[in-house]
Each structure stands twice: as structure tokens, then as C-alpha cells.
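Asker: Take a look at the following structure, please.
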Amino acid sequence: MPVVWQISVLHLTNQRSLIRGTLLKYAPYHYDKKVSGFRNFLKIGRSYFTATYANKEIRVTVGANELHSSTDKDGYFELIANGGHQDEIKVFLPGSEVPVEHVQDYPLVFQESLSKLGVISDIDDTIVVSHTANFFKRIRTLAFKVPNKRVGIPFTRSVFEKAKKQNACFFYISRSESNLLGALIAFIRHNGLPKGMIFLTPYLSFLRLFNPKKDVNYKISHIRFLIEHAGIERYILLGDDSQHDVRIYRDVVKLFPDKIQQVYIRKTRQKLSASRQQMMDDLKSSGVPVTYFSADDELDVMET
């Protein structure tokens, strides 16, 4: 039977809500505290052989509101609904009055923060060591390192803890595929990190894993959407120098110079390439404070 693999509701400005989710034909895995490295390999591996519930009509209810949508080729759907929904959200298949089972062990509704501060963070090599610059090392880490034994980033945790004291609203935006949702949730829960809305790229099959063709604008388009519609006055951005965060955050700062309070970039390389160094220089000269940190650096009490 189909399952709702991921679903979330985010309250937006003007009494609207973003509702987004992914449906699969069955649940690929569930984490418990005693999973071994080999079982982790089986769980993660199985996800890439799990078919999505693709190109199907669905019905979504939130309280008394009923909305109609359809999944795309990746089992994904997205809706903008009127109202700041706080009621239970349910997904139905055509002709059925029995809701599709949710397997996501994570908050579903993210309300507007009482604070005017938002934190937008990358995941891989920003909150957890993932070796994204090395494909085979990344795959080995994902496959055999269980979430509760993966290495976190102490500096990032310090930034989060300080932002939490200001009642910040957290968002995790990553180009990692939705197959990894369960592992990421397990890591966030085990390490006591803030529970924020998670944005991941479309669910992948095994064949597409080696040639995913992910949207190069995925992160910046979602960051723009949040800044323009989430009703938060200022943001802290966290990322790393292993892939595209420096370029993306440079462009975000250019677009929204008055919205970005601080940028943090984790150092993962001994030396930046000439082009990446130029992007870093552009970011640092933007007028927005930029901290280029190593994992074990201490957070300056004056920052954030």
C-alpha cells in the first residue's frame, strides 16, 4: 500500500500555507536505536529500489479544508492553501475514505515563529560530516555509518543553540535526495538539533543515483521562496565550501542584502580554487558579516 514518506506544512504570510510531500508505493525503512552498520546499508540501499507513487491523483484534507492535487514522476506534490492550518493533515487516494499512512516520525506543521529570526542551514558537511566532495567516500559514509554514530559539527551546534535562545525558526535545505529523510531525521533527533522544515531534492531510483541530474537552482529557489513568503525579517545562512553554498549565498546576499544578518561557511578544503576564492571574496565584500569557520572553532559571543 502507498505511504506518505514525507509531508510538511509551513505557515506563510497573508494567511496561506505551503503543503508539500512525497508518496511511495511502500515504506523503504524505519530507524531504531540498535541498527548496525550492515543493517544501515540494507535500509539505505533498499530506498533506492522503492518505487514512488508517481503521476497519481490525491486528495489532501486539513481540518475542514479539502484540496485536490496529483503527484509528479517522483511521487512529489506541492500546494499553496489558504489559511494558517494547524489541524491534522491527511492524504487520500481517489475513491478511498481511509487516509494513507504517514511514516514520517517528525513534526508535520511548522508555524510562524514568534521571533523575527530565521536560520537556513545546509545539511551535508554543515551539520554532519558527509564528505560530499568525494563521491565514493560520501556513499560509504551514508551506507555504513549509522545516524547516531555520524560526526556532527560543534560550531554549527553552537550557532543553533544561540539562535534557539532567540526563538528562531529553522529550515534545512539540502541537495541530498529524499531517500535519506529517515537517516537525517534520526541524526537530528539523536543530536538534539532544532526540528525545522526539511527541503530535499526528489526521490531517486538506483539507476538515477549515479546520474541524478538535480536542479542546479534547487537551493536558491527555495531560499528565495522562504525569504519572500515566510514573513521572517532576517536570516542566518549556514553552509560549507565543498559544493555550491558559497556561490548560492553570495547570490542570496545580492538579492536580499537587508534580509541576511550573518553568513557562516564551514571550511572543508585546505585551499579554495581560484574561482571559488573569488566567490568567497565577493561574499565577504558584500557588507554582510561572513564567518569562515572550522568544525571545532568556538563561536564568538558577539556573533549572531
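Every number here is computed from the coordinates shown, using simple stated rules; none is lab data. Remember, it's a predicted structure, so these values are computed and weren't measured experimentally. Cβ sites come from the backbone with ideal geometry, for glycine too, and all protein chains shown count toward neighbours.
Asker: For the chain, what does the alpha-carbon gyration tensor say about shape, rounded, prolate or oblate, given a ≥ b ≥ c as the root eigenvalues, a/c under 1.5 as rounded, and a/b over b/c as prolate?
Answerer: Note, shape of the chain comes out oblate.
Asker: When the convex hull of the C-alpha atoms of the range 233-304 is computed, what volume per residue in Å³ does it have?
Answerer: Once divided by residue count, the hull of the range 233-304 is 83 Å³.
Asker: Tell me which lysines have Cα within less than 30 Å of Lys284's Cα, excluding those fewer than 8 residues away on the same chain?
Answerer: Result set, ordered by chain and number: Lys116, Lys162, Lys164, Lys165, Lys195, Lys214, Lys219, Lys254, Lys259, Lys267, Lys271.
Asker: What number comes out for the charge environment of Pro107, summing +1 per Lys or Arg and -1 per Asp or Glu over other residues with Cβ under 12 Å away? Present the calculation step by step, with values, prior to reporting the outcome.
Answerer: Details: positive: Arg189, Lys195; negative: Asp105.
Taking every Cβ under 12 Å from that of Pro107, the sum is +1.
Asker: How big is the charge dipole of the range 130-196 about its Cα centre, in debye rounded to the nearest 20, if each Lys and Arg gets +1 on its Cβ and each Asp and Glu gets -1 on its Cβ? Numbers along the way, then the final one.
Answerer: Details: 13 positive and 2 negative charges, 35 e Å.
Taking the Cα centre of the range 130-196 as origin, the dipole is about 160 debye.
Asker: Relative to the Cα centre, what is the charge dipole magnitude of the range 3-110, using +1 at the beta carbon of each Lys and Arg, -1 at the beta carbon of each Asp and Glu, and rounding to the nearest 20 debye?
Answerer: For the range 3-110, the charge dipole is close to 500 debye.
Asker: Quick check on the range 186-274: what does the Kirkwood estimate of hydrodynamic radius come out to from the alpha carbon pairs, in Å?
Answerer: 15.3 Å
Asker: Report D for the range 3-110 in µm² per second (integer): Stokes-Einstein, Kirkwood Rh on Cα pairs, 25 °C, 0.890 mPa s.
Answerer: My calculation gives 165 µm²/s for D.
Asker: Same structure again: Which three semi-axes in whole Å describe the equivalent ellipsoid of the range 117-293, each the square root of 5 times a Cα gyration tensor eigenvalue, listed largest first?
Answerer: 24, 19, 16
Asker: Over the chain, what is the relative contact order in whole percent, taking alpha-carbon pairs under 8 Å and six or more residues apart?
Answerer: Normalised by residue count, the contact order of the chain is 18 percent.
Asker: Under 16 Å Cα to Cα from Lys25, which aspartates and glutamates show up? Leave out anything in the same chain fewer than 8 places away.
Answerer: Glu57, Asp72, Asp74, Glu101
Asker: So, one more: Under 17 Å Cα-Cα from Lys149, which lysines qualify once same-chain neighbours fewer than 8 residues away are excluded?
Answerer: Reachable lysines: Lys33, Lys34, Lys43, Lys137.
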